Each structure stands twice: as structure tokens, then as C-alpha cells.
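One structure below.
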Amino acid sequence: MARDFRNRPPPPPDAAARRAAPPVVCYPVAGLPPVDPGFCAAVADGAAVVETVIVPPRDGRAFRVPAGHLFRIRCVQGPQVGDLNLWHAQDLTERFYSGKTRQLQASHLTTGDRLWSSLPHLRPLATIVADSLGWYGWDDDGAGVHDVIGTRCDPHTNRLLTGADYHHCCHANLTRALAAATGLPLAEAEAHVHDVMNVFMCTGFTRDSHQYFMKASPVRPGDAITFLAEIDLLGALSACPGGDCGSGHSDDRAACFPLQVEILRPRPEALQGWVPAEPSTYSAPARLEV
Ligand SMILES: [Zn+2]
């Protein structure tokens, strides 16, 4: 598994001093409006389920969530990883920005973390208000759950690495789900599919070579993660062909299970003080001409 570092140059005499520079968090977020733990804990109390979508194994489904509604992804029947895409319901060019979310929040998400949208919008699309796997933290391999590191399994990479074609990778499942929800041709829909949040997936980087790894998800039937839609959302979820992602993906070998998506309407009192997220106030067209 380890990469070959034999051609590394020898370290300079002051290598230890250079390596001892203190880490500085790239994006200080103390100035952002805080997410209120009390709000997260209470917003789903008494919420009414208005729609339930079942995502079949090795397949994808889209769903719509009005601003101020919740969506809950639930493990049913057996351990299963889900690949999540989010778009502004009326503008597919505004979509989940995995990389910036990773920088503003962390490599793995949990309650209180926000899922940010692409530039020039850069606003929270959704906030995680509950996560039954929040206990997991970091394990002895340095792994955590719900990463925003991985991209999604896709048939192009699979062909590159194996020479084989497989048509139920998450990328393809998300493409078909988006096409079905919007009426877009598949080729157009494919261009809107983007890097995901890996719901329930357990991942990290190997200690020796910092390569992305996965291990069997700790998710069990009944576990769930709940999001508040900060604007009107179109979502798509793929039940990854990797199942619990404890062995492989991009083929039919792993045991796979459905995932359930519930759309919930909170009680009006539970949303007191909440307002939909506004896009970035940076006036891009004018300032970019400077
Ligand atoms: Zn996948």
C-alpha cells in the first residue's frame, strides 16, 4: 500500500527546525455566526414527516427539501454508505462545495457543521442538526465518519484502474437520479454531479503514505443523520455499490442495502429566529474587473 519514497532527496541540516513550525488553522471561523446546539437539539422535535424516499441498493434517488425543512438520511436493513449531492433547487450552478466545506469545517462532518455552496454564492446549503454516529470521533487508524475528502466512486476512474465497465457507481447513480428529477439529458446531468459528502462512510489517510483509505462503516440500522435545509434544495443520494465500504466498490460484490430519506417539516415555533441563508455579499462582477 505504501508509496515508494526511495527517490526523496536527503533532508537539509535544519530539517527538524523547519518541520517544527507550528500549524495554523487556515480558515479561522470564530467570526461566523455560531450554530446554536440548543437549536440543533430541538428543531426536529415534533417535526412532521412529509415525504419518504427509499434509495435502492446500488442506485440513486433525488429529493426536494424546501428551505426550513429537514432531511434525514437513515440506515435501514444493513450497514450502507451514501454519496450525497446538493444543489440550489432553482439553480443547479449553485451546488455543494466539498473542498471549501472541508476547509471551513473539517475533513469529516457532524452535528453543527454546515455544508457550503460553490462560488460565487458561498452560503450554507444545509446544517447538520443531529448525527447518531457523533460518538465515533477518531479511531485508532485516524479514521472518522461522514467525510468530505473522497469524491464519489465513478465509472471513469474504475475503467482507468481496472479496464472494466461498471454502471452503478455513485457518479452514475447520481447522474441518473438528477436526470430523472429535472428532465435533463444524461450527458447534461452528468456535468452537474459534483464531489460528495460521504454519508456514513468511515475514512482516513494512511499514516505512512497519507493515502485515502476506507474501512467498514460503523453505521447500523436505525442510525441517522439529519440536516436543516438553509435554502430550497434539490438533493440526490446514491446507495454506494461498496455497501459498508469495508472491502471494495465499483462492482456487485459487496452486500448492499437501501437508504431512507425522510423530508420533515418542523413545528413553526422550532424555527423562530431562523432565516434562509443569503449568498455571499462580495460583489464579484464589479470587483473582478479591477
Ligand atoms: Zn460509491
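The values are calculated or read from the model by the stated rules, or taken from the named source; none is laboratory data. All of these numbers come straight from a predicted model, not from anything done at the bench. Here the Cβ positions follow ideal geometry from the backbone for every residue, glycine too, while neighbour counts run over all protein chains shown.
Can you tell which of 184, 234, 178, 228 is in contact with a Leu (Cβ under 8 Å, 6 or more places away or on another chain), more than 23 Å from residue 136 (Cα to Cα), in a strand (DSSP E or B) and among the hydrophobic types (A, V, I, L, M, F, W, C)? It would help to see each step written out before you state the result.
On the way: 184 fails: in a strand (DSSP E or B); 178 fails: in a strand (DSSP E or B); 228 fails: more than 23 Å from residue 136 (Cα to Cα).
From the options 184, 234, 178, 228, the qualifying one is 234.
For the residues 156, 168, the requirement of being of a type outside the set (Val, Ile, Thr) and in a loop (DSSP other than H, G, I, E, B) singles out 168.
Residues are listed down the side, and each one gets a yes or a no for (1) touching a residue at least 40 places away in the same chain (Cβ under 8 Å); (2) under 21 Å from residue 133 (Cα atoms); (3) touching a Lys or Arg at 6+ places or on another chain (Cβ under 7 Å):
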| residue | (1), (2), (3) |
| --- | --- |
| 209 | yes, no, yes |
| 215 | yes, yes, no |
| 219 | yes, yes, no |
| 234 | yes, no, yes |
| 244 | yes, yes, no |
| 249 | yes, no, no |
| 257 | yes, yes, no |
| 262 | yes, yes, yes |
| 270 | yes, no, no |
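Residue 167 passes every criterion in (1) surrounded by 14 or more Cβ atoms within 10 Å (Cβ to Cβ); (2) of a type outside the set (D, E, K, R); (3) closer than 17 Å to residue 253 by Cβ; (4) free of Cβ contacts under 8 Å to residues at least 60 places away in the same chain apart from (1).
Restricting to segment 215-249, what's the tally of residues that are β-branched (Val, Ile, Thr) and within 16 Å of the ligand (Cβ to nearest atom)?
Within segment 215-249, the first condition is being β-branched (Val, Ile, Thr), and the residues that meet it are 219, 225-226, 231.
Checking the rest, the ones that are also within 16 Å of the ligand (Cβ to nearest atom) come to 219.
Residues meeting the conditions: 1.
So that you can scan it fast, the table gives a plain yes or no per residue for (1) buried (at least 16 other Cβ atoms within 10 Å of the Cβ); (2) of a type in the set (Ser, Thr, Tyr); (3) touching an Asp or Glu at 6+ places or on another chain (Cβ under 8 Å):
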position: 127; (1), (2), (3): yes, yes, yes
position: 135; (1), (2), (3): no, no, no
position: 148; (1), (2), (3): yes, no, yes
position: 160; (1), (2), (3): no, no, no
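A count restricted to segment 26-82 and to residues that are aromatic (Phe, Trp, Tyr), part of a strand (DSSP E or B) and more than 21 Å from the chain's Cα centre (by Cα) stands at 0.
Does residue 203 meet the test of being more than 16 Å from the ligand (Cβ to nearest atom), modelled with pLDDT of 95 or more and hydroxyl-bearing (Ser, Thr, Tyr)? Show your work before the answer.
Working: more than 16 Å from the ligand (Cβ to nearest atom): no; modelled with pLDDT of 95 or more: yes; hydroxyl-bearing (Ser, Thr, Tyr): yes.
So residue 203 does not fit the description; no.
The condition of being closer than 22 Å to residue 211 by Cβ and either in contact (Cβ under 8 Å) with a residue 40 or more places away in the chain or more than 14 Å from the ligand (Cβ to nearest atom) (or both) holds for residue 148.
Every condition in (1) more than 16 Å from the ligand (Cβ to nearest atom); (2) closer than 20 Å to residue 220 by Cα holds for residue 59 except the one numbered (1). Looking only at segment 243-279, residues that are of a type in the set (Gly, Ala, Ser) and closer than 27 Å to residue 51 by Cβ come to 4 in all. Residue 256 fulfils the conditions (1) at pLDDT below 90; (2) within 14 Å of the ligand (Cβ to nearest atom); (3) in contact with a Pro (Cβ under 6 Å, 6 or more places away or on another chain) except for a single criterion, (1).
A quick yes/no check of all residues on (1) aromatic (Phe, Trp, Tyr); (2) more than 24 Å from residue 231 (Cβ to Cβ):
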residue: 135; (1), (2): yes, yes
residue: 138; (1), (2): yes, yes
residue: 161; (1), (2): no, yes
residue: 179; (1), (2): no, no
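Based on this model, can you work out whether residue 122 counts as at positive phi and more than 15 Å from the chain's Cα centre (by Cα)? The answer is yes for residue 122.
Checked against (1) among the acidic types (Asp, Glu); (2) at pLDDT below 95; (3) closer than 21 Å to residue 88 by Cβ, residue 190 passes all but condition (2).
If you go through segment 161-172 one residue at a time, do you hit one that is in contact with a strand residue (DSSP E or B) (Cβ under 6 Å, 6 or more places away or on another chain) and more than 30 Å from residue 207 (Cβ to Cβ)?
Filtering segment 161-172 for residues in contact with a strand residue (DSSP E or B) (Cβ under 6 Å, 6 or more places away or on another chain) gives 170.
Still in the running and more than 30 Å from residue 207 (Cβ to Cβ): none.
Within segment 161-172 (the criterion being in contact with a strand residue (DSSP E or B) (Cβ under 6 Å, 6 or more places away or on another chain) and more than 30 Å from residue 207 (Cβ to Cβ)), the answer is no, since none of the residues qualifies.
Annotation note: of 82, 38, the sole residue that is within 19 Å of residue 222 (Cβ to Cβ) and among the small types (Gly, Ala, Ser) is 82.
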